[in-house]
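Visitor: First, the structure itself, so that you have it in front of you.
The values are calculated or read from the model by the stated rules, or taken from the named source; none is laboratory data. Source: prediction; values computed, not measured. Glycine also receives a Cβ, built like all others from the backbone with ideal geometry; neighbour counts cover every protein chain displayed. SASA here: full protein model, heavy atoms, side chains in, ligands and nucleic acids out. Shrake-Rupley method; radii C 1.70, N 1.55, O 1.52, S 1.80 Å.
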Amino acid sequence: MAAVRSSPKRAPSRGADAWLRPATALPVVASLAVHAALLYTIERIRIEGPVRLVDATDEGIDTVLVLTSAPASRAPEVVPQPPAPPPPPPQPPPPPEPSPVQAEAPVAKAGLLALFEAPPEPPAREVPLTTKPTRETARPAEPAKIAPPPAPPPPPPRATSFAGVAAQRASRLVYAIDASGAMTSSLPYVKEELLRSVARLDESQRFQVLVFRAPPGEADPRVDAFEPGGFAAPDTPTVARLASWLDKVQPRGRSQPLAGLRAALAQQPDLIFLLTRSIRRSGTDNTWGEGTEATLAELDRLNPESIGGKRPTVIKALQFIDPDPTGMLQQIGALHGDGPGSYTVVRP
């Protein structure tokens with residue numbers, strides 16, 4: 001703070017030109033300079049506090065100026081800023097997630113009253129509308145398509161027969177033909193009846209033809225199959241091919257029915273037609289095939305009886321011209337057939 005005092009009190013001048021004197025003019029010039037400096041300073045500094053000015057010409061009063069100086073401060077320059085980008089469109093607020101601080105807020109409040117205050121309810125969640133309703137969305141839902149009904153099951157296979165002997169309905173069947181020398185007079189009839197029986201099968205059935213015998217000079221029996229790969233369909237081309245194949249079958253050798261039955265049961269058919277003839281033999285080797293007991297025991301093993309008394313494969317034994325004198329075919333029909341007619345004597 002700066003204090004300026006005026007010159008000491010002087011006696012009033014005694015003439016009009018007294019101020020022109022050097023002793024008088026110097027204080028006046030100094031006073032003017034001080035006042036000019038004060039005016040300049042007032043313009044540059046901020047005045048704080050009261051200011052009292054007293055005329056120096058008053059007698060007994062000094063001129064006192066009390067100023068509080070402060071560093072001059074300038075207003076901050078305003079730098080032009082680029083225009084702010086437009087605010088983004090308001091987004092729906094995310095669902096509030098309670099934080100640990102919010103969860104513990106009621107406990108942190110002072111006083112027992114805070115323990116009984118209900119926690120603040122979370123703000124309602126706004127669900128944005130993602131799609132606008134259109135005419136297509138306003139359509140009623142189409143009725144569900146009804147699946148077509150399942151196809152009816154195929155009809156059961158036809159009843160099978162051979163030379164007037166009927167058998168149960170079978171999907172797979174085997175004709176086991178004895179082509180030994182004993183069938184010389186009966187084999188032509190068997191071939192004709194076999195073609196008629198196959199032609200009566202429907203398209204859902206499958207068949208196989210086996211020819212068994214023991215050729216002369218061979219110890220082991222031989223079995224030939226019409227369809228080496230398994231079963232054949234009873235269509236017209238197949239029946240014609242079967243007829244051509246049967247023309248080449250000629251009777252010779254000895255009969256071995258068990259060999260034919262083994263090969264037939266290996267196909268796992270539903271039905272077997274055993275077509276053979278047994279003649280009474282004489283001499284020391286009068287056994288037919290492997291004998292009755294051995295043949296029946298092997299058939300029980302290959303075609304066992306189930307708990308209900310039914311066997312997997314039905315065997316129909318057809319004897320040509322004369323009944324079997326050994327009784328083996330009769331027992332095969334009784335044990336492995338499907339009832340009356342399982343053993344039949346056919347006389348062409």
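Visitor: Keeping to the range 213-240, report how many residues are without any contact (Cβ under 8 Å) to a residue 40 or more places away in the chain, of a type in the set (Gly, Ala, Ser) and open to solvent by less than 20 Å² (accessible area, probe 1.4 Å).
Guide: So the count comes out to 2.
Visitor: I would also like to ask the following. Taking residue 323 as meeting all but one of (1) without any contact (Cβ under 8 Å) to a residue 40 or more places away in the chain; (2) of a type outside the set (Asp, Glu); (3) not in a loop (DSSP other than H, G, I, E, B), write down the number of the exception.
Guide: Residue 323 satisfies every listed condition except (3).
Visitor: Checking residue 293 against (1) open to solvent by 80 Å² or more (accessible area, probe 1.4 Å); (2) within 17 Å of residue 177 (Cα to Cα); (3) of a type outside the set (Val, Ile, Thr): exactly one of these is not met. Which one?
Guide: (2)
Visitor: Given 201, 246, which one is among the hydrophobic types (A, V, I, L, M, F, W, C) and assigned to a helix (DSSP H, G or I)?
Guide: It is 246.
Visitor: Further, regarding this structure: Out of curiosity, is residue 251 part of a loop (DSSP other than H, G, I, E, B), in contact (Cβ under 8 Å) with a residue 60 or more places away in the chain, at negative phi and open to solvent by 20 Å² or more (accessible area, probe 1.4 Å)?
Guide: yes
Visitor: Separate question: List every residue pair whose Cβ atoms lie under 8 Å apart, where the two residues are 6 or more positions apart in sequence or sit on different chains, the first residue falls within the range 271-300 and is closer than 18 Å to residue 220 by Cα and in a loop (DSSP other than H, G, I, E, B), and the second residue, located anywhere, is at pLDDT 80 or above and of a type in the set (Ser, Thr, Tyr).
Guide: Once the first residue is closer than 18 Å to residue 220 by Cα and in a loop (DSSP other than H, G, I, E, B) and sits in the range 271-300, its partners that are at pLDDT 80 or above and of a type in the set (Ser, Thr, Tyr) give 288/255; 288/326; 289/255; 289/295.
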